[in-house]
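The values are calculated or read from the model by the stated rules, or taken from the named source; none is laboratory data. Since the structure is predicted, the reported quantities are computational estimates derived from the model, not experimental observations. Positions of Cβ are generated from backbone atoms using ideal geometry, with glycine treated the same way; all protein chains shown enter the neighbour counts. Side chains included, ligands, DNA and RNA excluded: accessible areas come from the protein's heavy atoms. Shrake-Rupley method; radii C 1.70, N 1.55, O 1.52, S 1.80 Å.
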Amino acid sequence: MKVFNVLHPVFFFVFVIMVLTSESVFGQNGAKRIGLSDIVNGTFRQDTNVGEMRSLPDGRHYTAMNKERTMIIKYSYLTGAPADTLFDVKDARECTFNDFEDYIISSTGHHILLIREKEAIYRRSFRSSVYDYDVRRRVVKPLNESGNKVMIPVFSPDGRMCAYVEENNIRIKKFDYDTETQVTRDGVINRIINGATDWVYEEEFSVTNLMAWSPDSEYLAYVRFDETDVPEYAMAIYGDSYYPYEQRFKYPKAGEDNSKVTLHAYCVETKDIKALQTPVDSDSYIPYIRFTPDPSQLAVMTLNRQQNIFNLYYANPKSGVFKLIMKDENKAYIDSDWMGAIRFSESGFLYVSEQDGYAHIYQYSPTGVRQRQVTNGNWDVTRLIGKDEATGTVYYESAEESPLRRSVYSIDAKGKKTCLSTMQGTNSASFSASYAYFVNHFSNVNTPARISVHETKTGSELRVLRDNSALRNKLSEYAFSHKEFTTIVTATGEELNAWIVKPANFSESKKYPVVMFQYSGPNSQSVLDRFGMDWEQYLAENGIVCVCVDGRGTGARGEAFRKCTYMRMGDLESRDQVAAAVALSKLPYIDKNRIAIWGWSFGGYNVLMAMSAGNGVFKAGIAVAPPADWRYYDTVYTERYMRTPKENKKGYDDTSPIKRAKDLQGRLLLVHGTADDNVHFKQSMDYAEALTQAGKQFDMQIYRDRDHGIYGGNTRMHLYTRMSEFLFNNL
């Protein structure tokens, strides 16, 4: 294991300050001090609540719940005026509840599913009580006969049926006959899952639903998970009784067995289930399935276990025949998010690939022939929005202007590009079904969220939904510093983006302590031109300079920068934080003996790595919910960047904080929740044991029955008070 006792010359940095804002970087006119409760309790939280604006198929109207969650109202995109009330608990017959949490409208509008009493399972999955509202009869009744909570209800395209998962089995409700059919019967908790996904698919592919209806509503395709051979993790839940109990779930750690996934097609008419023999290795992934407009073409997206080969197949649900339509290979790994973002239409499909070194959009024919590269340049597309089939215009978001910013673009069939977002900063848009209108969410470092409705063709702004004027007025009462954007240039010409926040009464003649903020995970970004008033403002209020650096491996700067950490995740990332700290220490107003670093999750891991590789540059560090060795973490995430421990033993050893515990320098606060299903509490426990055996003193803060987010009740206030006091006492 290599220990960096001497800083390599490549890591002597120079600072180049680029202030991207037009306003003064120093405080507002007010004199009010920022308290920790202001940060934790949301005093500076932006108002982004415009309701869940969901486009109706006509593209001219959208729906949203009222604030009381008792009604579903139809609005006009053009005027914003209400056009109709689609559901009201007071008017619906046989409605036994007073409000609801969510809803799904069928394609015909004849049925609306009302979702209540959500019960979280993991990060994205949940069970809920679901009710069917028959619009024509104005009657509400439970979706399923048992009354049990269900998962992922999905309407058939003709709106006459709904598939859902109950206790790991798929059932179908037929509204015309008010009947219920059980499709699968082998579902067993922690063994067999039908239609829904296992823990690792949900966490790393961001998918909870692997059911797909054919466009003619004749077939329901689904993925079946066999978790039998996946190792089971037991997590103690302490609760309020005298005895804890165990929560047990299947969690595949790096190199261990994954669920065995198989693909099936259920015929609604015959009730037969056909096994579709996907032509891939048994340990391959099927992260996404989706029908094209052709009911004989089920798009099946697969990744090999190393995640560097993506195959797109079309499977016929009736015959079971597969045809390879497209193959994308990468010397490192495929970004699976782009698989989920594929847009299918009559004219083919759009796919984002990094084949020219940047993430760009490509148009393919229905048979998989690449027709053209839609976007190109030395910048990344960051989101594929979709395509207006009527005009051939493609819509997307990108970092074309700057890696620190996001803009919304359209590009027509002839290649003419138009920037639809007019303000510099971070923009994100949601379009109506017809692409005639879009809602833009904008903010920059000085401007809280501004949400507005636009007409796409003319680009004209129709109205502002939220401008956060109340927050702007509130900010004028406080003394604080804006973020300054910084470029850090290495001796070899490597440039790293950063921001810095100084105390409002900053003086060049003083010496200040520093806290470095970072996340640093693959393809992440913490340095963006967007609004945020977080913990850095409280620390700056208390005389600490706060700095955030996006090192190598972070996003929106092309594939080479993004993937240079491949097979050694954590090495370059931690060295970049060390090098940035050394550069900061050379500034005249920085006290080089009082530099700290903190982070959460991957950021917490990088704290442990940096404090072990930093040769004492960090006086203190805070690691919240940190991975302590990639062998402990899940297969999909870890192997994407590191391959398996068997393939890459040296990479795992060299990037293990546990194996580097003896090299840790500086005072450490280690924080973890005991019910963390993501980064298990055992990781911190084993790291603490390694520190103990190495004779390293440290502080530790444990939160009973808290998950990876460590929140609930007074928990967040306690956590940030604990971390703040730790820094004040050690800097």
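Would you please report the Å³ per residue occupied by the convex hull of the alpha carbon atoms in the stretch 582-682?
105 Å³
For the stretch 407-466, what is the relative contact order in percent, using Cα pairs closer than 8 Å and at least 6 residues apart in sequence? Mind dumping the intermediate values first?
Values: 111 pairs, mean separation 13.3, N = 60.
That works out to 22 percent.
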Which value, in Å to one decimal place, does the Kirkwood hydrodynamic radius take for the stretch 196-258 when every pair of different Cα atoms is included? 14.3 Å
At a probe radius of 1.4 Å, what is the per-residue accessible area of E647, in Å² to the nearest 10? 90 Å²
Determine which aspartates and glutamates satisfy two conditions relative to K417: a Cα distance under 17 Å, and not lying fewer than 8 residues away in the same chain. D380, D388, E389, E397, E400, E401, E455
Running Debye on the stretch 567-615 with equal point scatterers at the Cα sites and no solvent, what base-10 log of I(q)/I(0) appears at q = 0.21, 0.27 Å⁻¹? -0.70, -1.01
Nearest 10 degrees, 0 to 90: helix 602-613 Cα axis against the chain principal axis: 30 degrees
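How much length, in nm to one decimal, is gained on full extension between R383 and A275, taken as 0.36 nm per residue of separation minus their Cα-Cα distance?
Taking R383 through A275 to full extension adds about 35.5 nm, to one decimal.
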Among A120, A163, G109, which residue has its Cα positioned farthest towards the positive end of the charge dipole of the stretch 106-170, with +1 placed on the Cβ of Lys and Arg, -1 on the Cβ of Asp and Glu, and the dipole taken about the Cα centre? G109
Reachable aspartates and glutamates from K682, criterion Cα separation under 17 angstrom, eight or more residues apart if same chain: E232, E246, D629, D634, D699, D705, D707
Which of rounded, prolate or oblate describes the stretch 302-356 when judged by the alpha-carbon gyration tensor and an a/c cut-off of 1.5? oblate
Which angle from 0 to 90°, rounded to the nearest 10, does the C-alpha axis of helix 681-693 make with the longest principal axis of the chain? 20 degrees
How far apart, in nm, are the 7 Å Cα→Cβ label points at R716 and K323? 5.2 nm
Cα extents of the chain along the three principal axes, largest first (Å): 78, 59, 56
Descending packing, highest mean Cβ count within 10 Å first, for 365-377, 148-160 is 148-160, 365-377
Accessible area per residue for the chain in Å², computed with a 1.4 Å probe and the full protein assembly in place, what is it? 41 Å²
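What is the stretch 252-384 by shape, rounded, prolate or oblate, if you read a ≥ b ≥ c off the alpha carbon gyration tensor as root eigenvalues and call it rounded for a/c under 1.5, prolate for a/b larger than b/c, and oblate otherwise? Kindly include the intermediate steps, with their values, before the conclusion.
Details: a/c = 2.49, a/b = 1.30, b/c = 1.92.
Oblate shape, in that a/c is at least 1.5 and b/c is the bigger or equal ratio.
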Compare the Cα positions of M235, G695, N148 along the charge dipole of the chain (+1 at Cβ of Lys, Arg; -1 at Cβ of Asp, Glu; about the Cα centre) and return the one farthest towards the positive end. G695
Rg over Rh, two decimals, the stretch 372-457 (C-alpha only, Kirkwood Rh): 0.96
Please calculate the 1.4 Å probe accessible area of K592, with all protein chains present, and give it to the nearest 10 Å². 130 Å²
Residues of the stretch 387-415 with amide N under 12 Å of the 7 Å Cα→Cβ point at R372: 392-394, 411-415
What list of whole percents do you get for P(r) of the stretch 482-638, with Cα-Cα distances grouped in 10 Å bins up to the one holding the largest distance? 11, 42, 35, 11, 1, 0
Could you tell me the ratio Rg/Rh of the stretch 243-301? Both radii from Cα atoms, Rh via Kirkwood. 1.14
Once N304 and T96 are pulled to full extension, the length gained, defined as 0.36 nm per residue separation minus their Cα-Cα distance, is 70.0 nm
Please compare each pair in K331/K502; K174/K274; K90/K387 to a cut-off of 31 Å on the Cα-Cα distance and tell me which ones are over it. K331/K502; K90/K387
Any idea of H454's accessible area? Nearest 10 Å², probe 1.4 Å. 20 Å²
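So between S345 and R116, what do we pick up on full extension, going 0.36 nm a residue minus the alpha carbon distance?
Details: separation 229, 0.36 × 229 = 82.44 nm, distance 3.37 nm.
Extra length from S345 to R116 when fully extended: 79.1 nm.
Which of K118/K474; K149/K327; K592/K696 have a Cα-Cα distance over 30 Å? Intermediate values should be presented prior to the final figure.
Details: K118/K474 35 Å; K149/K327 40 Å; K592/K696 23 Å.
Over 30 Å Cα-Cα: K118/K474; K149/K327.
For the chain, what relative contact order do you get, as a whole percent, if you take Cα pairs closer than 8 Å and at least 6 residues apart?
Values: 1749 pairs, mean separation 86.4, N = 731.
Over the chain, the number comes to 12 percent.
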Put +1 on the Cβ of every Lys and Arg and -1 on every Asp and Glu Cβ in the chain; which of G651, I595, S284 then has its Cα farthest towards the positive end of the dipole? I595
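Percent of accessible area on the stretch 508-592 owned by carbon and sulfur, 1.4 Å probe?
Carbon plus sulfur share of accessible area: 46 percent.
So, with +1 on the Cβ of K and R and -1 on the Cβ of D and E, and no other charges, what is the size of the charge dipole of the stretch 661-716 about its Cα centre, to the nearest 20 debye?
Computed about the Cα centre, the dipole is about 200 debye.
Taking the highest mean first, how do the peptides 72-81, 355-364 order by number of other beta carbon atoms within 10 angstrom per residue?
Ranking, from highest mean packing down: 355-364, 72-81.
Going by accessible area, probe 1.4 Å, with all protein chains left in place, what is the ranking of D88, D99, largest first? Spell out each step's value before the answer.
Working: D88 25, D99 65 Å².
Accessible-area ranking of D88, D99, largest first: D99, D88.
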How far is it, in nm, from the label point at T85 to the one at T70 when both lie 7 Å from their Cα along the line to the Cβ? 0.9 nm
For n ≥ 4 DSSP H runs only, could you compute -39500 (n - 2.57) per run for the chain, divide by its residues and tell me the 222 nm figure to the nearest 500? -4000 deg cm²/dmol
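Determine the dipole magnitude for the chain: charges of +1 sit on the beta-carbon of Lys and Arg, -1 on that of Asp and Glu, nothing else is charged, the reference point is the Cα centre, and the result goes in debye to the nearest 20. Can you show the working numbers first?
Working: 87 positive and 91 negative charges, 259 e Å.
Dipole size: approximately 1240 debye.
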Just how far, in whole angstrom, is the stretch 182-199 from the stretch 79-140 if you go by their alpha carbon centroids? 26 Å
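Calculate the dipole size of the stretch 321-400 relative to its Cα centre from +1 charges on Lys and Arg beta carbons and -1 charges on Asp and Glu beta carbons; express the result in debye to the nearest 20. Intermediate values should be presented prior to the final figure.
Working: 8 positive and 12 negative charges, 66 e Å.
For the stretch 321-400, the charge dipole is close to 320 debye.
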How would you rank 297-305, 181-189, highest first, on the average number of other Cβ atoms within 10 Å across their residues? 297-305, 181-189
Need one word for the stretch 408-545: rounded, prolate or oblate. Basis is the Cα gyration tensor (sqrt eigenvalues a ≥ b ≥ c); a/c below 1.5 gives rounded, then a/b vs b/c decides. oblate
Round to the nearest 10 and give me the degree value, 0 to 90, for the angle of helix 715-730's Cα axis relative to the longest principal axis of the chain. 20 degrees
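Carbon and sulfur atoms: what percent of the 1.4 Å accessible area of the stretch 227-363 do they account for?
Numbers: 2850 of 6120 Å².
Here carbon and sulfur together make up 47 percent of the probe-accessible area.
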